[in-house]
Each structure stands twice: as C-alpha cells, then as structure tokens.
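**Q** The structure under discussion is supplied below as structure tokens; questions concerning it will follow.
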Amino acid sequence: MKLRHLLLLITCFAFVATAAGGYLYYANLNMAATVQADRKSTVELATMKSHLSAFLAEQLKPVRVLAGLPEIRAALASPSAAAINRGNALLDHFHLTLGADVCYLMAADGTTVASSNRGEADSFVGRNFSFRPYFQQAMAGRPAMYMALGSASGRKGVYYSYPVFAAGGRNPLGVAVIKAGTDPIEEEFRGRPGTTLLLVDPHGIIFLASSAELVFRSLAPLSDDQLRQVESSRQFGAGPWPWSGLAPAGDRLLADRAGRSYAVYRQQVEEFPDWQLILLHDLASRRQDFFLPVLRTTGMLALPLLLFIGTALFALYRKASSELRRRREAEQALAASEQRYRTLYLQTPALLHSIDPDSRLVSVSDHWLQVLGYRREEVVGRPITDFMTPESREKAEKEVIPAFLRTGSCKDIPYQFVKKDGESIDVLLSAIAERDETGRIRRSLAILVDVTELKGVEHQLQQTTKELRLYSRELERQVRERTREISSILQHTPAVVSMKDTSGRYLLANQRFCELFGLRQNEVRGKNDHELLPPEIARIFLGHDARIREWRRPDQFEERLTIAGMVRTFLAVRFPLFDEQGEMQGVGAIATDITALKQAQREMRGMPGRILEGQEKERAAVARELHDELGGLLTALRMDAVWLRDRLETEQTAGRCREMCSLIDRTIDEVRSLAVRLRPGVLDDLGLVPALQWLVADFEKRTSISCTFHHHRLPPLPATTSTAIYRITQEALTNIARHAGAAHAVVSLMQRDDGLVLVVNDDGRGFEVPAGDEGFGLGLTGIRERAELIGGTAEITSHPGEGAEIRVVLPLAAA
C-alpha cells in the first residue's frame, strides 16, 4: 500500500511539471501564431487586391476600342435596320472574343438600341438604363466603371462605359457598354479555409464574398437614410439588405452571432473610392494553422519525452494491481459470455434446437416455440421426430440421424414439421455436433430455415415459366408472320431497298435491287459495292454511306446513275441502323426512281421565261398602240383646237380653247408616260442599268421622294432577266410612293459571289412583316412571284417606324 501511494505521488509531481512547461510553450506559440497570421493575412489581402485591380482593368481598353469603331457610330448616328444589324454583329464579336456577359449600345436618352443578348429572355434591347451612374458619367464625356446587380438579368457584374462621339464631334451620340460577370473573381474569393474575403461598397453592402450567405448583406446595421440611398440607386436590386451579424469585438476584431472572433484586415479599392476589400481571419483556425506544423517538429522531441516519463511512472503504478484485477475480470467475462450465449440462443429470431444422442430435445429457442406454437415444457425431453410429418420422420430415423451420429454434421436437409395447430411447414435443417473430451457426441446445435414461402414461390415460378414458354411460342409465331409480310413487301415494292453492315458489306437487297443491276440475290450477301457494281456507282454509294456513318442520322440524296447506258435519277433515303445499346450496326437505303419526274421538271423549267416574254410582248404592243394610235389622235385634236383658238374673236371663247389645248397637252404627256412605263424603249435600246437610272429619275420627278441608284460589277444579262429585275424595281418604288411615307429611297444592284443582288430600301414608316405570305398585298406578292419565276428569291424586311427593305437574290446559274 505504501509503494502504491509513493508511486502515485511521483506521478502527480511529474504531471504538474509537464503542465507548467506546456503552458509556457503554448504562450510563446500563441504570440508567434499571431505575428505570423498578421503577416500572412496582410500579404494575402494585398495579393487579392492586385488580382481584383487586374480584373477590373481588363475591359477598360476594349470598351474604348468598341466606342471608337465606325459601325458603332453609324448605328447611333443613322439607326437604320442595316446599321443596327452591323452594330449587333460587332457587339456579338466583342462578346465572344472577350468572354463578357453582354455588350450593348445605348442611345443618348438611355435606351438600349443594340445588344449581344438581343435574342434572349433578358434582352436589353428597348430597355432604358438612363438612371445608371455609368451612363450619366459617359454622357458627360468621361468613361466610367460601375459594379452592380443587373436590373434585367439579375446577375452581378462590372459595367464599363465609354462615350461614342460622332466623327469630329464633342457631344456624345450615345454610350458603348461592356458588362463583365464577376464569376472569375468570385472563384478566387472561394477556397480559402479559415478566412473570409468581402468586397464592400461605401454604404457597407457586401457585393462579393467567399461565403455565399453574406452576399448583399450589410456589414453593419443600416440607418433609414442609408437604406433610402441604397434603394434609390437600384445598384443592388430591390433588397432587403439584412445585417450580416458581425459586430465589433475589440481593436481590429469582429464577432459573429455564434461568438466566433475574427481578425479584420482592410484595403481600399483604388478604382472605386470608398470601396473596401476586407479579409476576416478566424482566430481559432489561424492558431491551428500555426500550431500544427510547429507541434509536428518540436513536439516530436519534447512531448514524447514528457509522455515517456509520465507513462513509465503510470505503468509502475498499474503493474502493482493488474494481477488481482485480471483474475476478477476473467471470472466476470466467463459469466457474461455464458449469459450472452444463453440470451443469443433463446432470443435470436431463428429456429434453433439441440438434441442429445438419443434424438431427444435438450433445448429450443423462443422463436422455435413461437413458430410451432408450443410451450417449452411441452417439447423438452421429447424426440425431435415427434414434431415431423410421417414421411420426414421415416427419413430422419433411417437416414439422416444415423449419418449425423457418424459424421457430426449435416446441411440443408429438407423436412416437414407439424405445428401444434396441425399445419405443416417446410424447413431446411443444418446441424453440427458438440463433442466431449473423448470425442463422443454430447449434443447438437441445429438451425431450421423456414422455406414454406420459398416453396410457394418455386411453384409460382414453375407456373410462370410454363406460361412464358407458351407466350414465347406465340411471339415466335407472330415474328414469323411479320417476317413473311416484310419479305413480301421487300419482294414486290418498286423501291430499291438494301442494308449493309459497318464494313460496307450487303446484309440484304430486295428483288428490285437485283433486277436493276442484273444480279442474283445469292450473289449479293457478303459482297461490297466495288465487288458488285460499276466503279462510278460504287463511289457514289460509298460516299453517301460514309456521310451517314459520320452524322449518325438519316439523310436524303439525289443519285444520278448510269445503268445499261441510260442515265437514271433516284431519290435515295439512307439511314443508320442501331442495336439496343445505341451502337451503329450498319446503313440502310431506300431509293425511288424519279427519272420521269426530273424530265417533267426540266420541261417546266423553261415556262417562266416564256410567260414573262409573253407578258412583255403584250405590254410592248399596248405601249405602241397608245403611242402611235392614241398619241396621233390627241396630236391631231390639239392642232384643231389651236386652229379654232386662232380664229375665235371673243376673249371668253379663246380662253376656253386655251384650256382645251392645255388639257390635251397633259393628256398627251400622260399617254406617253403610260406607254413608257408599260415598256420603256431605253430598256430595249440601252440595257438594264440606263433603264433603272431613267426609272429612278422619273420616280423622283413624279413623287418628290429623293432616290439614289448604285450599281457595280454587273455581268451581261438576258432580256428576260433584265425585264424581271426592272419590273421588280418598278413595283417596289410604286409601293414606296403609295404606302411608305418616305423621304428617301435607295436602289442597289450588284454582283456578289453567290449571285446577282437587288436591294430596294426606304426610311418610311415601315410595317410588321406577316408570318406567312397571306398577309402581303398584291404588290409584294407580285415581287416574290417574279423573283421565283427567274429562279431567285425575294426577302422582305421591315419594322414599324424603321423603314422597309426588299432584297432579291438571283443565283449566277439562273442569271
């Protein structure tokens, strides 16, 4: 007892000495941790400020370049549809090249006139952002940079604006804006364990944070006046901006609602006065960041030494009493083991029993009694065979029990046991023997598995298998029947049908295929195109199959094949064949002979020219009749009126004659003008360009609408094409005079790579283009029909208040 007390005293002394040394060591480490954390946080905040400044300066030069481009000036100076389209194309280019969120152009009143997101749900086009400071500053002639939450998109971003000046002008025409998303810098904010980075505006609103739940919260509670200022600016949405829960907790310290303390480090953002970049360093984590590396080095020497001393003393103390305790624990463990075994045997949810060498029950589990419906005193001491059906009892007494007494084990023996209520259950019995020191069997431990439900399931499975076999036979019969139907279709269809595997070898070809190429069906299977067909046809088929394998989707081809010296045209549909896993297994083809249809199309192709030629001949005949016959009659009538005027004596009668002469002169002019419009002689004598020049000049004279004509690189054109282009231009100018209310019109005719292009546009009131052809008037419908008759296309573009444009494109081959 005295030795035990002495060892305990020495252990306590060693513990006190170790604790005192550890406290001094901890105090020094804490001071060093604070110094190192301050240095690390200052460097990290300066680095983050540098990254933020680089990010904010990234779009300053691009927006300046964008604002100085001629297309941007033109879109604001003369915002026609073409100019806006060119401006949109340039904005799309900057948007894709810079990876910005959106690039847009604002008019002098703040309305967005062009934007790279014009086709999206949150399009800026038509929206007015004149309330934004970046717009107001740019309209004052100064570039601006602004961080805010998008009022249309709802996404945070940095707005870079630059005034757009006219060439040589001082007053801005509008503002060019690039909005850059904050995702790149937000990624740098995240992934900093133990620290929290915040970007805070002058009112204390957190704009960016490494913790998402702090965004758009206030660093400190806002006063009513501050709330009104933030709401009026709409810089951070509609609010609210609740308090973040951070409160001062000492010099350069903040604490959250949970009581966690943070060291605070601040840096001003140079590009945004009064904006701050704030770093919060968790005091608990920064100590841990410093202590763990230090303890790994110095602790490996000091702590093991202290632990060794304390452990040695403690081991001596424990050794003195361990022997007595070991015996006591062994006795308790043995009793507990016996109790656990008894509890496990009796209460486990399984059918367990034990029998002696005479096959009498020694013990049974509670679950055994519950399932069979007996009490324990009713079964213990009775032979196990008393609870079996006669068949199972005979099998057990003659085969299983004698074999078990010899070998000491049995496994999965099927029995039927009888419950107390007379119901029988199917079980599988497995048992092992427990032997004494001499090797004789003392008792058995057996487990029964109730397979009654399993037997029922097996019976149901057998029944289901039988029904499935019958269904399979019926399905096979239907498959054979459908196969015969499909084979009959393939045999008698006039279409050419074939199937190939992925290597291009034929799996199937119908009778029409074989007849077309003079083959027998037994020759086709397993062969490729080069082995069966002429080289030119094989090359066409293989090229089309390669496209189907590449695109993995059906496609339609027009195939011209020379067969037996005659060119035949087929409309072929080729399609991929897939298996159940989506893997391509081959290519199928169905081709229809359209040679007769193509011949009919070729015969009809010349009809539009003949129709136009007949119309123009009729117009020319009417024009000659008007000019020669009616014009001559009117001239003779005027000569008679002049003769009569010269011979009348009264002034009143002479005045009426002069009026008659004037009316006849106007009628002669109208007849001549009508004859020229029906068929201008300049078109036949000088060609298309002089005729269009005369038409534009006549249009200006008749309507007082300014009209200009541009032409460039025009090839020689046949009379039919020249007449159609002249008539289309004539109809377009007539529509402008009647409906547009325009001040200026432009006619352009030029040759481009894809063909001949005629464009007629005006700056009139415009209209809403209908979705289908039914909404067009007779004039616009006639323009489309004339363009289609000469093999071209007509596109009509217009918007209310933005004028209209008619563009006719005639391919070079058709021209």
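**Q** With the requirement that a residue be modelled with pLDDT under 85 and open to solvent by 30 Å² or more (accessible area, probe 1.4 Å), what does the stretch 744-766 give you? Break it down into steps so the answer makes sense when it comes.
**A** Of the residues in the stretch 744-766, the ones modelled with pLDDT under 85 are 752-755.
Passing the criteria: 752, 753, 754.
**Q** Same structure, new question: Residue 411: closer than 22 Å to residue 349 by Cα, among the basic types (Lys, Arg), free of Cβ contacts under 8 Å to residues at least 24 places away in the same chain and open to solvent by 80 Å² or more (accessible area, probe 1.4 Å), yes or no? Before you say what the answer is, go through the steps one by one.
**A** Working: closer than 22 Å to residue 349 by Cα: yes; among the basic types (Lys, Arg): yes; free of Cβ contacts under 8 Å to residues at least 24 places away in the same chain: yes; open to solvent by 80 Å² or more (accessible area, probe 1.4 Å): yes.
It is true that residue 411 is closer than 22 Å to residue 349 by Cα, among the basic types (Lys, Arg), free of Cβ contacts under 8 Å to residues at least 24 places away in the same chain and open to solvent by 80 Å² or more (accessible area, probe 1.4 Å).
**Q** Sticking with this one: Give the stretch 491-500 a look and list any residue that's open to solvent by less than 40 Å² (accessible area, probe 1.4 Å) and not hydroxyl-bearing (Ser, Thr, Tyr), or say none.
**A** 495, 496, 497, 500, listed by residue number.
**Q** If you don't mind, another one. I'm trying to understand the selection: among the residues of the stretch 699-754, which are farther than 26 Å from residue 766 by Cβ and assigned to a loop (DSSP other than H, G, I, E, B)?
**A** If the condition is that a residue be farther than 26 Å from residue 766 by Cβ and assigned to a loop (DSSP other than H, G, I, E, B), then 713, 714, 715, 716, 717, 718, 753, 754 are the ones that fit.
**Q** Please determine, by comparing only the residues of the stretch 427-450 that are β-branched (Val, Ile, Thr) and at pLDDT 85 or above, which one is farthest from residue 365 (Cα to Cα).
**A** 441
**Q** Considering each residue of the stretch 100-132, count those that are open to solvent by less than 40 Å² (accessible area, probe 1.4 Å) and under 21 Å from residue 163 (Cβ atoms), and give that number. Don't jump to the end; show me each part of the working.
**A** Initially, the stretch 100-132 is screened for residues open to solvent by less than 40 Å² (accessible area, probe 1.4 Å), giving 100, 102-107, 110-112, 114-117, 122-124, 129, 132.
Subsequent filtering for residues that are under 21 Å from residue 163 (Cβ atoms) retains 100, 102-107, 110-112, 114-116, 124, 129, 132.
Here the count works out to 16.
**Q** When you scan the stretch 169-205, how many residues do you find that are under 20 Å from residue 58 (Cβ atoms) and without any contact (Cβ under 8 Å) to a residue 12 or more places away in the chain?
**A** Number of matching residues: 2.
**Q** Follow-up question, since we're still on this one. Run residue 649 past the list (1) modelled with pLDDT of 80 or more; (2) assigned to a loop (DSSP other than H, G, I, E, B) and report the number of the one that doesn't hold.
**A** So residue 649 meets the others, but not (1).
**Q** Those residues that are in contact (Cβ under 8 Å) with a residue 40 or more places away in the chain and open to solvent by 60 Å² or more (accessible area, probe 1.4 Å), I need them from the stretch 702-717; list them, please.
**A** Answer for the stretch 702-717, where residues must be in contact (Cβ under 8 Å) with a residue 40 or more places away in the chain and open to solvent by 60 Å² or more (accessible area, probe 1.4 Å): just 710.
**Q** Can you name the residue in the stretch 63-93 that is farther than 23 Å from residue 134 by Cβ and of a type in the set (S, T, N, Q) and is also most open to solvent (accessible area, probe 1.4 Å) among such residues?
**A** Here the answer is 85.
**Q** Count, please, the residues in the stretch 179-197 that happen to be among the aliphatic types (A, V, I, L, M) and touching a Ser or Thr at 6+ places or on another chain (Cβ under 8 Å).
**A** So in the stretch 179-197, the residues among the aliphatic types (A, V, I, L, M) come out as 180, 185, 197.
Next, only the ones that are touching a Ser or Thr at 6+ places or on another chain (Cβ under 8 Å) stay: 197.
Counting residues in the stretch 179-197 that are among the aliphatic types (A, V, I, L, M) and touching a Ser or Thr at 6+ places or on another chain (Cβ under 8 Å) gives 1.
**Q** Follow-up question, since we're still on this one. Kindly evaluate residue 74 against the criterion of being modelled with pLDDT of 90 or more, among the hydrophobic types (A, V, I, L, M, F, W, C) and closer than 26 Å to residue 744 by Cβ. Outline the logic, then answer.
**A** Values: modelled with pLDDT of 90 or more: no; among the hydrophobic types (A, V, I, L, M, F, W, C): yes; closer than 26 Å to residue 744 by Cβ: yes.
Spelling it out, it is not the case that residue 74 is modelled with pLDDT of 90 or more, among the hydrophobic types (A, V, I, L, M, F, W, C) and closer than 26 Å to residue 744 by Cβ.
**Q** Given (1) open to solvent by 80 Å² or more (accessible area, probe 1.4 Å); (2) modelled with pLDDT of 90 or more; (3) closer than 21 Å to residue 597 by Cα, identify the lone condition not met by residue 555.
**A** (1)
**Q** Which of the following residues is under 26 Å from residue 99 (Cα atoms), open to solvent by 30 Å² or more (accessible area, probe 1.4 Å) and of a type outside the set (Val, Ile, Thr): 207, 216? If you could, list the steps in order and put the result at the bottom.
**A** Values: 207 fails: open to solvent by 30 Å² or more (accessible area, probe 1.4 Å).
None of the others qualify; the one that does is 216.
**Q** While we're on this one: Can you tell me which residues in the stretch 234-256 are touching a strand residue (DSSP E or B) at 6+ places or on another chain (Cβ under 8 Å), open to solvent by less than 30 Å² (accessible area, probe 1.4 Å) and touching a residue at least 12 places away in the same chain (Cβ under 8 Å)?
**A** Matches in the stretch 234-256: 235, 236, 237, 241, 244, 246, 254.
**Q** Only one residue in 41, 53 is surrounded by 16 or more Cβ atoms within 10 Å (Cβ to Cβ), in a helix (DSSP H, G or I), touching a residue at least 60 places away in the same chain (Cβ under 8 Å) and among the small types (Gly, Ala, Ser), so which one is that?
**A** Exactly one residue qualifies, and that residue is 41.
**Q** State whether one or more residues within the stretch 585-599 are at pLDDT below 80, charged (D, E, K, R), over 21 Å from residue 534 (Cα atoms) and open to solvent by less than 30 Å² (accessible area, probe 1.4 Å).
**A** Checking the stretch 585-599: not a single residue is at pLDDT below 80, charged (D, E, K, R), over 21 Å from residue 534 (Cα atoms) and open to solvent by less than 30 Å² (accessible area, probe 1.4 Å).
**Q** Moving on. Looking only at the stretch 534-552, count how many residues are small (Gly, Ala, Ser) and surrounded by 13 or more Cβ atoms within 10 Å (Cβ to Cβ). It would help to see each step written out before you state the result.
**A** Looking only at the stretch 534-552, we keep the residues that are small (Gly, Ala, Ser), and these are 538, 543, 546.
Restricting the remaining residues to those that are surrounded by 13 or more Cβ atoms within 10 Å (Cβ to Cβ) gives 538.
Summing the residues that are small (Gly, Ala, Ser) and surrounded by 13 or more Cβ atoms within 10 Å (Cβ to Cβ) in the stretch 534-552 gives 1.
**Q** Also: Report every pair of residues separated by at least 6 positions or lying on different chains whose Cβ atoms are under 7 Å apart, first residue within the stretch 748-772 and touching a residue at least 60 places away in the same chain (Cβ under 8 Å) and farther than 13 Å from residue 804 by Cα, second open to solvent by less than 30 Å² (accessible area, probe 1.4 Å) and among the small types (Gly, Ala, Ser).
**A** 755/815
**Q** In addition: Output yes when any residue across the stretch 503-511 is at pLDDT 90 or above, open to solvent by 60 Å² or more (accessible area, probe 1.4 Å) and more than 15 Å from residue 593 (Cα to Cα), and no when none is.
**A** Yes; the residues of the stretch 503-511 include at least one that is at pLDDT 90 or above, open to solvent by 60 Å² or more (accessible area, probe 1.4 Å) and more than 15 Å from residue 593 (Cα to Cα).
**Q** Quick check on this structure: which one of 495, 446 is in contact (Cβ under 8 Å) with a residue 60 or more places away in the chain and under 30 Å from residue 433 (Cα atoms)?
**A** 446
**Q** It is to be established whether one or more residues within the stretch 262-272 are among the charged types (D, E, K, R) and more than 23 Å from residue 53 (Cβ to Cβ).
**A** no
**Q** May I ask you to list the residues in the stretch 570-582 that are among the charged types (D, E, K, R) and at pLDDT below 90? Spell out the reasoning first.
**A** Going through the stretch 570-582, the residues among the charged types (D, E, K, R) turn out to be 574, 579-580.
Result: 579, 580.
**Q** Within the stretch 718-733, track down each residue that is aliphatic (A, V, I, L, M) and surrounded by 18 or more Cβ atoms within 10 Å (Cβ to Cβ).
**A** We begin by selecting, within the stretch 718-733, every residue aliphatic (A, V, I, L, M); these are 719, 724-725, 728, 732-733.
Scanning the stretch 718-733 gives 724, 725, 728, 732, 733.
The values are calculated or read from the model by the stated rules, or taken from the named source; none is laboratory data. These numbers were taken from a predicted model, which means no experiment stands behind them. Cβ coordinates were reconstructed from backbone atoms using ideal geometry, including for glycine residues, and neighbour counts include every protein chain displayed. Accessible surface areas use protein heavy atoms only, side chains included; no ligands, DNA or RNA. Shrake-Rupley method; radii C 1.70, N 1.55, O 1.52, S 1.80 Å.
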